[in-house]
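**Q** Okay, here's the structure, questions in a sec.
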Amino acid sequence: MIKQIMPLSLIVALRFFGLFIVLPVLSIYALHMEGATPFLAGLVVGGYALTQALFQVPFGLMSDKIGRKKTLLFGLLIFIAGSVIAAMSHTIYMLLAGRFLQGAGAIGSVVSAMIADLVKEEQRAHAMAVMGGTIAISFAAAMIIAPVVGGHWGIDTLFWLTAILSVMAIGILFTAVPQPPKIVHSYAEEESKMLDVFKDKALTRMYITFLFHSSIMTMAFFIIPLVMTQSVQDGGFGWDKAALWKVYLPAMVFGLLAMGPAAVFGEKYGKGREVFMISVGIILLGFLAMGFASTPWVFILGVVCFFIGFNMFEPLLQSFVAKFAKVHQKGAALGVANTFAYVGIFFGGLLAGYLMQHFDRAVLAVAVALIAAVWFIWVATMPNPNNRGNVYLPLDIFDREKVASLTDHPAIVESYINETENIAVVKYEKEVIDEDEVRGLLS
């Protein structure tokens, strides 16, 4: 499994490193550009998410129809073009254009769908955790490197580095990423339309969870560098930009450590909903500490809490969407989920910029607390994807036509054929039927 997913994880990690590496210093940099205001700076921080939101679903649908690799190449090329424009920016509006174009290379859902293609569902949480781990490592590296490189050589250097890393990702795509298996399903064309991914209430709940998760992330990355580098007279702590790594390093260490237990309890023990609820509570405490801290150390403690809560979601979010989605709609469903995530990033940036321009970080913390309260109630009523299981049937023993007819049974969620491995896959409701009973239906 590792051999199959590691190249894809590296592609995602390189791309996200390019996005992450500008976050710790972008709001500070944007505020000093020609024509800048706090609101426009917030738009720069979250702006790429607007076009990500617009193109996630088209890219997901495209990958379902023309193939994952071709779609990944197209997205990476667009992202490179946006990085170059951002690197050459001299005004806030040119920087915005570059960020919008960066976001148009919306490949996140395509990579997740390809991982879902390559590994069995029982291994998918592990696979998504590996991908989440590589993203988290790239995130940690970006948080440490960005303040140093950006502080000494300028943020344009960071954007050039982003473009170079994306070129490397294209090389990995065509030298190390395996071809996904050929899947045959019996869904009619009308069942593959876009609106079909909204019919499952469990999927819709996951989409909204993505929205909450990403919007609060953007608010955090807007205020962390601003508060730490603002003068004491302006309500900050007066740190130098190059010293911000001292804030992000401990936060990332604790965040990475939190991912393992979250994945184990969420997948192995079927406690994903409970993990989400704990995560929201920790994020809430972190923002309250950041909003009302009178010393830098209390503020940093709040940042650590935020990163712990945020990272606990990472190994579970994509996996849960892939579990709820049917085989013919994984790319589209993950595209919708990521669209909601990037809508959240966009509006999170706008809200943070507006509140910081007109009020202060305490008001922003209270706003996040209210959002987190609603989010907590939302996840508390979510269904558990671990209630569904899969049985794998070799086609040299079982008749494929009989397998296809299983979907008439109310406890069978779906069935499809993996032509590459010559097996049939049947998804069933564990609370209604077990694996032996599924096999018995074919006798």
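The values are calculated or read from the model by the stated rules, or taken from the named source; none is laboratory data. Not measured: the values here are computed from a predicted model. Positions of Cβ are generated from backbone atoms using ideal geometry, with glycine treated the same way; all protein chains shown enter the neighbour counts. SASA here: full protein model, heavy atoms, side chains in, ligands and nucleic acids out. Shrake-Rupley method; radii C 1.70, N 1.55, O 1.52, S 1.80 Å.
**Q** Do the conditions hold for Thr162, that is, is it at pLDDT 80 or above and surrounded by fewer than 15 Cβ atoms within 10 Å (Cβ to Cβ)?
**A** No, not satisfied.
**Q** Considering each residue of the range 422-443, count those that are over 20 Å from Ala325 (Cβ atoms), of a type outside the set (A, V, I, L, M, F, W, C) and in contact with a Leu (Cβ under 9 Å, 6 or more places away or on another chain), and give that number.
**A** Number satisfying all stated conditions: 2.
**Q** Anything in the range 257-270 that is surrounded by fewer than 19 Cβ atoms within 10 Å (Cβ to Cβ) and either among the aromatic types (Phe, Trp, Tyr) or not in a loop (DSSP other than H, G, I, E, B) (or both)? List them, or say none.
**A** Within the range 257-270, Leu257, Gly260, Pro261, Val264, Phe265, Lys268, Tyr269 qualify.
**Q** Now a separate question. All but one of (1) over 24 Å from Ile137 (Cα atoms); (2) modelled with pLDDT of 85 or more hold for Asp234; state the number of the condition that does not hold.
**A** So the condition that Asp234 fails would be (2).
**Q** Okay, next question. Only one residue in Glu414, Glu421 is charged (D, E, K, R), open to solvent by 10 Å² or more (accessible area, probe 1.4 Å), touching a residue at least 60 places away in the same chain (Cβ under 8 Å) and not in a helix (DSSP H, G or I), so which one is that?
**A** Of Glu414, Glu421, the one residue that is charged (D, E, K, R), open to solvent by 10 Å² or more (accessible area, probe 1.4 Å), touching a residue at least 60 places away in the same chain (Cβ under 8 Å) and not in a helix (DSSP H, G or I) is Glu421.
**Q** Could we say that Tyr248 is surrounded by fewer than 19 Cβ atoms within 10 Å (Cβ to Cβ), more than 20 Å from Ile208 (Cβ to Cβ) and among the hydroxyl-bearing types (Ser, Thr, Tyr) here?
**A** no
**Q** Here is a follow-up. Looking only at residues that are open to solvent by 30 Å² or more (accessible area, probe 1.4 Å) and under 23 Å from Met62 (Cβ atoms) in the range 319-374, which one is farthest from the chain's Cα centre (by Cα)?
**A** Checked the range 319-374; the qualifying residue farthest from the chain's Cα centre (by Cα) is Lys326.
**Q** Let me ask something else. Identify, please: which residue in the range 6-35 is assigned to a helix (DSSP H, G or I) and among the β-branched types (Val, Ile, Thr) and is, among those, surrounded by the most Cβ atoms within 10 Å (Cβ to Cβ)?
**A** This residue is Ile11.
**Q** Now for a separate question. Going through the range 271-310 one residue at a time, which ones are hydroxyl-bearing (Ser, Thr, Tyr) and either touching a Phe, Trp or Tyr at 6+ places or on another chain (Cβ under 9 Å) or surrounded by 21 or more Cβ atoms within 10 Å (Cβ to Cβ) (or both)?
**A** Result: Ser279, Thr295.
**Q** Among the helices (runs of 4 or more DSSP H) lying completely within the range 36-105, list those that include at least 3 residues that are open to solvent by 10 Å² or more (accessible area, probe 1.4 Å) and closer than 24 Å to Gln357 by Cβ.
**A** Because the criterion is at least 3 residues that are open to solvent by 10 Å² or more (accessible area, probe 1.4 Å) and closer than 24 Å to Gln357 by Cβ, the helices (runs of 4 or more DSSP H) in the range 36-105 that meet it are 38-66, 92-104.
**Q** Continuing with the same structure: Residues of the range 424-443 being crowded, with 19+ Cβ neighbours inside 10 Å and not small (Gly, Ala, Ser), which ones?
**A** Scanning the range 424-443 gives Val425, Val426, Lys427, Tyr428, Val438.
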